[in-house]
Every structure is written in structure tokens, then in C-alpha cells.
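A quick write-up on the structure given underneath.
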Amino acid sequence: MCGIFAYLNYNVSRERRYILEVLFNGLRRLEYRGYDSSGIALDADFPSCASSAPAPAYAGAPPLVFRQEGKIESLVRSVYSEVDEKDVNLDTAFNVHAAIAHTRWATHGVPAPRNSHPQSSGAGDEFLVVHNGIITNYEVLKETLIRHGFTFESDTDTEVIPKLAKFVFDKLHDEEGDVTFSQVVMEVMRQLEGAYALIFKSPHYPNELIACKRGSTLILGVNELSGQNSGKPFQDVKALTTNGKPKELFFSSDLCAIVEHTKNYLAIEDNEIVHIKDGSVSILKFDHDKEKPASVQRALSVLEMEVEQIKKGSYDHFMQKEIHEQPHSLTTTMRGRLKDSGVLLGGLKEHIKTIRRSRRVVFIGCGTSYNAALAARPFMEELTGIPVTMEVASDLLDRQGPIYREDTAVFVSQSGETADTLLALDYALENGALCVGITNTVGSTLSRRTHCGVHINAGCEIGVASTKAYTSQIVAMAMLALAVGSDQISTQARREAIISGLSSLPSNASEVLKLDADMKELASSLIDSESLLVFGRGYNYATALEGALKVKEVALMHSEGMLAGEMKHGPLALVDENLPIIVIATRDACFSKQQSVIQQLLSRKGRLIVMCSEGDASAVCPSGSCRVIEVPDVADCLQPVINIIPLQLLAYHLTVLRGFDVDQPRNLAKSLIQHWTDTAHSPVPGSRLMDGRRGELVLTDHGGEEVWNSIASGAPDSRVKINLVIYNFVSYVGGV
Ligand code: UD1
Ligand code: BG6
């Protein structure tokens with residue numbers, strides 16, 4: 001996943017130094033999405049007459065483009081040193097100015113300045129593009145552009161986009177004279193396959209920006225600076241199209257980079273082309289089958305997010321902050337949804353009856369989100385009586401597992417953008433299941449493509465290791481189970497007990513956070529261990545998996561979560577006095593079984609750390625030879641929400657003590673986005689890059705000028721078919 005950001009100030013004077021800082025700050029907010037290289041583009045001063053460089057093909061000076069390998073701070077340092085060297089005046093003020101920026105997580109090509117964005121059309125930087133997503137047909141486009149005389153400098157898929165823009169611009173310019181920025185971008189979109197969010201900047205169109213998207217999320221933020229609207233939300237559709245008034249406009253891959261500037265935003269829809277010109281925003285809807293796009297009227301929404309959410313405040317790391325935020329995030333997940341004798345989930349009202357009638361519920365997710373669903377499975381089955389099956393999204397797709405019209409498929413994803421989860425969603429939609437989303441991200445692809453769902457409202461999660469989203473996901477699914485099961489009289493008392501347990505969860509979470517110092521101390525005793533096992537069962541099997549995943553992800557220590565019931569069937573062979581083993585033995589129906597597991601491990605001299613309910617230390621470890629973590633006792637099915645918190649703290653402290661990067665762990669990104677294109681959106685009928693079968697990519701290539709025209713017109717007889725084997729999801733990891 002990568003982050004894209006743009007800043008356009010209109011009718012308000014901003015110095016170059018200020019613009020740079022806005023860009024850097026935007027990138028810092030997005031850095032959690034990808035952090036191996038970055039870049040920016042902004043305007044230069046007009047060239048001096050004495051300049052020896054060849055005159056560019058446009059009036060004005062070529063833009064200033066900076067690209068750097070490494071984290072954002074290395075870009076910041078290199079930009080300031082380069083502007084110093086080149087004598088760029090940071091005090092120059094612009095009344096209107098358009099700038100773009102990008103932070104990258106490499107997929108095509110190693111992290112290096114030449115592979116960083118903005119990618120360029122070539123000499124003179126006539127078109128510059130920042131991109132989030134993957135262009136799946138870039139090789140074909142690249143070959144064609146090379147035949148037309150373009151030379152490529154990077155290994156990225158993105159580079160075809162600015163080059164294609166220049167090709168289209170030159171061609172339309174030669175044929176028709178005047179060509180608008182949106183005409184160029186629309187023609188480019190016509191050729192692109194894959195998932196993308198793009199921002200274009202061009203010196204041919206000074207002070208304008210164009211953004212468009214298909215698949216990847218893209219947000220527009222508007223900060224009106226004048227008169228009575230200043231700082232206030234405005235939801236009038238005309239607000240976007242008024243010009244002349246001073247304003248600041250932002251594009252960003254997510255709301256985190258916008259919230260400190262404005263609360264007025266628009267989640268751009270797939271196939272929309274958003275054009276900022278003269279301070280006015282116009283939106284066109286691209287339709288592959290139509291030559292002319294329709295103009296669209298959209299109103300701004302008001303962001304329900306506080307600036308504090310995106311700042312570390314007094315904490316050292318976002319992961320630490322997000323762990324400690326859980327009493328609050330659990331409260332916001334439940335806010336307005338808990339009633340005395342039931343729950344009210346506004347997003348599911350219309351669908352509850354359909355879910356009740358389903359033959360089964362299928363929980364689908366990846367990583368931590370899968371674990372949250374696993375934690376929810378027992379109470380979902382108990383309260384609804386509907387069988388629940390679990391699916392890791394990639395495995396469902398690999399097997400093409402059966403999904404039926406009578407199924408309710410519940411997709412769980414913090415970001416709402418994870419590739420495998422979205423592919424599984426498309427698969428379930430194709431198979432006719434009712435698709436329900438559980439996500440933290442309003443406006444995400446998951447939220448938009450599911451039939452209905454629940455926003456977990458945990459607030460922006462920035463640490464790559466998911467913590468507060470996990471506990472909020474479990475609580476959201478508990479509310480889902482309560483709502484679906486609310487017609488069952490036999491479980492009324494149980495439901496009421498769970499609702500009462502939910503109300504107390506935030507204070508229980510505050511209580512368990514007091515173990516912070518103990519967990520730090522435990523971490524220091526484990527710092528040199530090579531491995532850690534976590535045994536759980538029943539409600540807390542998921543806790544074992546998730547606790548181990550946290551340790552693995554950030555502390556970079558081998559760690560496995562295991563089903564305690566399977567202990568005798570293999571894992572017992574590993575037990576000795578050195579290997580640390582955490583056993584989760586809080587009070588529930590499995591308690592006595594866990595007592596027996598502890599005894600078996602102790603009799604093999606296991607090095608045990610036992611998590612138990614407060615006051616149970618001697619019940620779980622009569623010999624006193626184990627280290628004990630006592631946690632507050634809550635309703636058994638909600639215990640996973642509390643039990644994971646000490647393990648999150650342990651993973652956090654282990655990471656800090658072992659000297660690793662907490663918020664940006666090695667080789668991991670916050671979510672892994674998609675790069676496929678589906679047939680419905682495919683620019684060329686017949687191309688299908690989804691499923692690893694022999695695909696047919698149709699490319700018109702008469703080796704001449706008709707190439708783009710004929711593709712654009714879609715005339716079937718002008719196509720040459722090229723058969724390609726497209727391998728299954730090759731290299732989709734990480735977006736651009
Ligand atoms: C909604 C509002 C909330 C407001 C509340 C007051 C939004 C995003 N939420 O919350 O600000 O305070 O009403 O009544 O405006 N959805 C999906 N898939 C998903 C997640 C959600 O389709 O993965 C849909 C839901 O079915 C629903 C909509 O998105 O139609 C909003 O969901 P949610 O925010 O959970 O609904 P409310 O809790 O009612
Ligand atoms: C990635 C992250 O693998 O995606 C995990 O590194 C995360 O932490 C997983 O759990 C799923 O992400 P999401 O956004 O779908 O919950």
C-alpha cells in the first residue's frame with residue numbers, strides 16, 4: 001500500500017517553504033501505508049533568460065521534482081539540501097499553486113529514487129503522476145509506448161501513465177489544437193487496467209490538478225478560507241463548484257492526512273475524474289462505453305474524526321497509543337448502539353431477517369481481522385444457532401470454496417482495502433451471498449461494495465500491528481450476534497448478561513492496562529528467547545493466535561498460537577525448561593481442561609506464564625512455579641477482548657527492548673491492496689486478469705496512430721488478440 005497526497009492553494013498566498021511543509025506533513029501522516037521511498041513535485045520559479053537548458057514545450061519552468069529512497073525524513077533532508085544547492089528561494093509566495101506527493105511501498109522495482117513517485121513523462125516533466133495501486137497491463141502499454149519512441153527509466157508499472165498522458169496530449173494537440181487536462185486523463189484511463197488512485201500534475205495546465213480512481217481509495221478535502229463558510233462544514237453541492245474564493249484543496253489516500261486541515265471531505269467514487277481548476281472542482285464520471293463523460297454533482301461530507309487521533313500525543317509510538325486508547329475505542333464502537341435489552345445496528349436494520357434465514361454464516365478475513373472473526377465465532381453460533389465457518393480470504397480463493405446464495409458472508413477488515421478480502425468479496429457477490437462488512441474505514445472499498453455492514457468506529461489506526469481495531473471488531477461482531485439472535489427467547493437472559501458485560505468492557509480494559517509495567521518486566525525476561533508458544537482454547541483460541549501474531553509481527557520473534565486441545569498431538573515434543581509458553585486459562589467452560597494442560601506442561605518442566613482471572617493464581621498454578629498474569633473477569637465470550645491486551649503490551653515492550661521499529665515493522669505494510677481488474681471495469685472487453693486461467697488480453701496495435709483511437713472507439717474488428725497466461729495474483733503484494 002502506498003500513500004498519495006496533493007495540496008492546491010487558491011487565492012491565498014503561500015510561500016514555497018509552507019507548501020513544502022504541508023506536503024511533508026501529509027506524507028508523514030501517510031507513512032504508515034508504505035515507507036521505503038517517497039517524492040514530491042512543486043513549481044519552480046520562471047526560468048531566467050540566460051538559462052542554457054533547452055526551452056520546454058510549455059510556457060514557464062519545468063516543475064521541481066524530488067525523489068528519495070528511505071523514510072520521509074530522508075526525503076525532507078535531501079529536499080532542503082538540494083534547494084540550498086540549487087538556490088531555490090523558499091520565500092517565493094504563490095497565490096495559486098498545485099503540488100503532489102507520494103510515499104511508496106515497493107512492488108515493481110526496488111526502493112530507489114528512479115522508482116519513486118512522482119513518475120514522469122520524460123524530459124521537461126510534462127506530466128507527473130503519483131499512483132496508489134497496480135497497473136496490470138503496464139507491460140503491454142510499455143511495449144507500445146517504446147515503439148512510439150518513449151524511453152523508460154524506472155522499473156515501475158506507474159511510469160506508463162505519465163508517458164501515456166504525454167502521448168495522448170501530443171496526439172490530441174496535433175489533431176485538435178486545444179486539449180483539456182480532463183480529456184487527456186480520460187483517454188489515459190481508457191487504456192489502464194488494474195486498481196489505482198492517481199493524481200496528475202502538468203506544466204501544460206499550471207495550477208490545476210486532476211485525480212481519478214478505480215479500486216484504491218481517494219479522498220478530496222476542501223478548506224474554504226473566506227467569509228462565513230470559514231471553518232464550517234458545508235454540504236451544498238454548489239460549494240465545490242464555486243470559484244474565486246480563497247481555499248485550500250487536498251487529495252489523499254486516506255482521511256488521516258486531511259483531518260488537520262479540514263473536516264469537509266468527499267470520498268471519490270470509482271471512475272470519477274476530479275478536476276481542480278481556478279479553485280473550482282468539477283467531477284466527471286468516466287464510462288468506458290461512452291465517448292463523453294457525464295458531469296456529476298457531489299456534496300461534501302463532514303468528517304467525524306479528531307485531529308488527536310492522528311498524533312502520538314504523549315506516547316512514544318502509535319502502537320503504544322492505540323493499545324492504551326482501547327477503553328475509548330471500545331466506547332466509540334458501542335456508542336448509540338447498546339440498548340437495555342438489545343442492540344441497534346443502523347447499518348443492518350434492513351438485513352437482519354435475511355441473515356437469520358441464512359443457511360450458514362461465513363467469516364472471511366486476513367491476519368488480525370481473521371483472528372477477530374475467530375474470536376467471534378463461538379458466540380455467533382451460540383446466540384444465533386446458525387453454523388459459522390471460517391475462511392482465510394486467500395485460502396477461500398485458492399480452493400474456490402463453495403459459497404451459496406443462502407449464505408451470509410461476513411468480511412472483516414480494518415482497512416477495508418485488503419486485496420484478498422476484496423477478491424473474496426467479489427467471489428461471494430458473484431455467488432449470490434449476502435455480503436456484510438465489518439470495517440474501521442468509512443468510504444473504503446469494503447464498506448462500499450458490501451450489501452450492508454457495521455463501521456467499528458475505532459478511530460484511525462496507524463501502527464502497522466492492529467490492536468484497537470481487533471478488540472473493536474470483536475465487539476462489533478458481538479453486537480451483530482446479539483442483533484441476529486434477538487428473536488430467540490431461550491437466550492434472552494444470556495443476551496442481557498452479554499449486553500451488561502459490553503457496557504463494562506471499557507472500564508475492564510482500563511483495569512487490564514494497569515498491567516503495563518508487569519508486561520514490560522515480563523518482556524525483559526523474554527528478550528533473548530528465540531521462540532514463544534501461546535496455548536488457548538474455546539473463546540481464547542483466537543487470543544492465542546493473535547497474541548502470537550503480535551509478537552511475530554513487531555518483536556520479530558518466532559511465536560506460535562496453538563489450540564491447547566492439540567497439545568498432545570505434537571507441540572508437547574517442544575516443551576523444555578527454556579521455551580517460554582503462555583497458557584490462557586481464564587474462567588470459562590474450558591477452565592478445568594486448561595488446568596489439566598498446565599499440569600501436563602509443568603510435569604515436563606515447561607517454562608510457563610499463565611493468564612488467569614483475578615484471584616485464580618493458586619487455582620491455575622498450585623505449585624507457584626509459573627509466572628501469572630491476572631486479568632479482570634468478564635462475560636466469558638467477551639474475555640478475548642480483555643485477554644489480548646496484556647499480550648499486545650508484551651509484544652510492544654518486547655519490540656522496544658529488542659530495538660526494533662514498532663510502528664513500521666520489517667517487511668510489513670498496514671494492508672495489502674489489490675491489483676486485479678474485473679471484467680466489468682475492464683477497459684477492453686475480453687480481458688480478464690482475475691483468476692489465473694489463460695486470459696485473453698486484447699490490444700489493438702496496428703503499429704500506427706490508430707492504436708489509441710481504435711482502442712478508444714472499441715471497434716471490435718480493429719483488435720489484434722494476444723494470448724497471455726496471466727498467473728494468479730502475481731506480485732499483488734503491497735500496491736505501488
Ligand atoms: C450511521 C452514521 C453515523 C451516525 C449514525 C446515526 C456513517 C458512516 N455512519 O451509523 O455517523 O452517527 O448513523 O444514526 O454515516 N456499511 C456497509 N458495509 C460496511 C460497513 C457499513 O455497507 O462494511 C453500511 C451500513 O449498512 C450502513 C452505512 O454503511 O448503511 C453506515 O454504517 P454504520 O456507520 O455502521 O451505521 P450506523 O451505526 O447507523
Ligand atoms: C496485513 C497487516 O497483513 O493485513 C495485518 O500487516 C492485518 O496487520 C492484515 O491484520 C489484514 O488487514 P485488514 O486491513 O484487512 O484488517
Legend entry - Estimated vicinal HN-Hα couplings, Hz - the range 604-616 in sequence order (Karplus 6.51, -1.76, 1.60; Gly, Pro = x): 9, 6, x, 8, 9, 10, 10, 9, 9, 6, 3, x, 9
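Could you compute the net charge surrounding PRO111? Neighbours are other residues with a C-beta less than 14 Å from the C-beta of PRO111; K and R count +1, D and E count -1.
Details: positive: ARG67, LYS71, ARG104, ARG114, ARG666; negative: GLU31, ASP36, GLU69, ASP155.
Here the charged neighbours net out to +1.
What percent do you get for the relative contact order of the chain when only Cα pairs under 8 Å and 6+ apart count?
On the way: 1646 pairs, mean separation 92.7, N = 736.
This gives 13 percent for the chain.
Going by accessible area, probe 1.4 Å, with all protein chains left in place, what is the ranking of LEU429, LEU480, LEU255, largest first?
Details: LEU429 55, LEU480 0, LEU255 25 Å².
Ranked from most to least accessible, the order is LEU429, LEU255, LEU480.
State the percentage of accessible surface on the range 77-214 attributable to carbon and sulfur atoms; use a 1.4 Å probe and exclude ligands, DNA and RNA.
Numbers: 2090 of 4430 Å².
In the range 77-214, the share of accessible area belonging to carbon and sulfur is 47 percent.
Count the net charge of all other residues whose Cβ sits under 13 Å from the Cβ of SER252, scoring Lys and Arg as +1 and Asp and Glu as -1. Working shown, then result.
Numbers: positive: ARG28, ARG29, ARG33, LYS213; negative: GLU31, GLU248, ASP254, GLU260.
Here the count lands on 0.
Normalised radius of gyration for the chain, please: alpha carbon Rg relative to 2.2 N^0.38 Å, two decimal places.
1.01
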Legend entry - Qualifying aspartates and glutamates (Cα of each under 13 Å from Cα of LYS263; at least 8 residues distant if same chain): GLU224, GLU248, ASP254, GLU304, GLU306
Inset, instruction - May I ask you to give the solvent-accessible area per residue for the chain, in square angstrom, as obtained with a 1.4 angstrom probe? - result: 37 Å²
Inset, instruction - Taking every Cα atom in the range 357-490, find the radius of gyration and the maximum pairwise distance Dmax, and write them in Å. - result: 13.6, 42
Legend entry - Contour excess over end-to-end distance, with Cα ends at SER603 and VAL302 and 0.36 nm allotted per residue: 102.3 nm
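Once R0 is set to 35 Å, what does the formula 1/(1 + (r/R0)^6) return for the Cβ-Cβ distance between ILE146 and GLU269, expressed as a FRET efficiency to the nearest 0.05? Show your work: numbers first, answer last.
On the way: r = 34 Å, r/R0 = 0.96.
So the FRET efficiency works out to roughly 0.55.
Using Cα pairs under 8 angstrom and six or more residues apart, how large is the relative contact order of the range 461-588, in percent? Write down the numbers at each step before the final one.
Working: 101 pairs, mean separation 28.4, N = 128.
Rounded, it is 22 percent for the range 461-588.
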Inset, instruction - Classify the range 421-543 as rounded, prolate or oblate, taking a ≥ b ≥ c as the square roots of the eigenvalues of its Cα gyration tensor: rounded when a/c is under 1.5, otherwise prolate if a/b is larger than b/c and oblate if not. - result: oblate
Inset, instruction - Consider a paramagnetic label point 7 Å from the Cα of ALA59 along Cα→Cβ; state which residues of the range 162-204 have an amide N under 16 Å from it. - result: 178-179, 203-204
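Just to verify a number: FRET efficiency for THR354 and ASP170, C-beta to C-beta distance, R0 = 60 Å, to 0.05?
Working: r = 54 Å, r/R0 = 0.90.
It comes out at approximately 0.65.
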Inset, instruction - Would you mind counting up the charge near THR467? Only other residues with Cβ under 10 Å from its Cβ, with Lys and Arg at +1 and Asp and Glu at -1. - result: -1
Legend entry - Computed label-point distance, nm, for sites SER596 and ALA573 using a 7 Å Cα→Cβ extension: 2.3 nm
Inset, instruction - Provide LYS321, LYS166 ordered by accessible surface of protein heavy atoms (probe 1.4 Å), highest first. - result: LYS166, LYS321
Legend entry - Relative packing of 540-550, 587-597, which averages over residues the other C-beta atoms within 10 Å, highest first: 540-550, 587-597
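For the range 509-600, what % of the accessible area comes from carbon and sulfur atoms, probe 1.4 Å? The partial results should precede the final answer.
Working: 1840 of 3680 Å².
Here it works out to 50 percent.
For the chain, what does the helix formula give at 222 nm: sum of -39500 (n - 2.57) over DSSP H segments with n ≥ 4, over the residue count, nearest 500 deg cm²/dmol? Write down the numbers at each step before the final one.
On the way: 21 runs with 243 residues, N = 736.
The per-residue figure over the chain is -10000 deg cm²/dmol.
The values are calculated or read from the model by the stated rules, or taken from the named source; none is laboratory data. Bear in mind the structure is a predicted one, so any value in this text is a computation, not a measurement. All Cβ positions, even for glycine, are placed from backbone atoms using ideal geometry, and neighbour counts span all protein chains on display. For the accessible areas, the whole protein counts, side chains as well, though only heavy atoms, and no ligand, DNA or RNA atoms are used. Shrake-Rupley method; radii C 1.70, N 1.55, O 1.52, S 1.80 Å.
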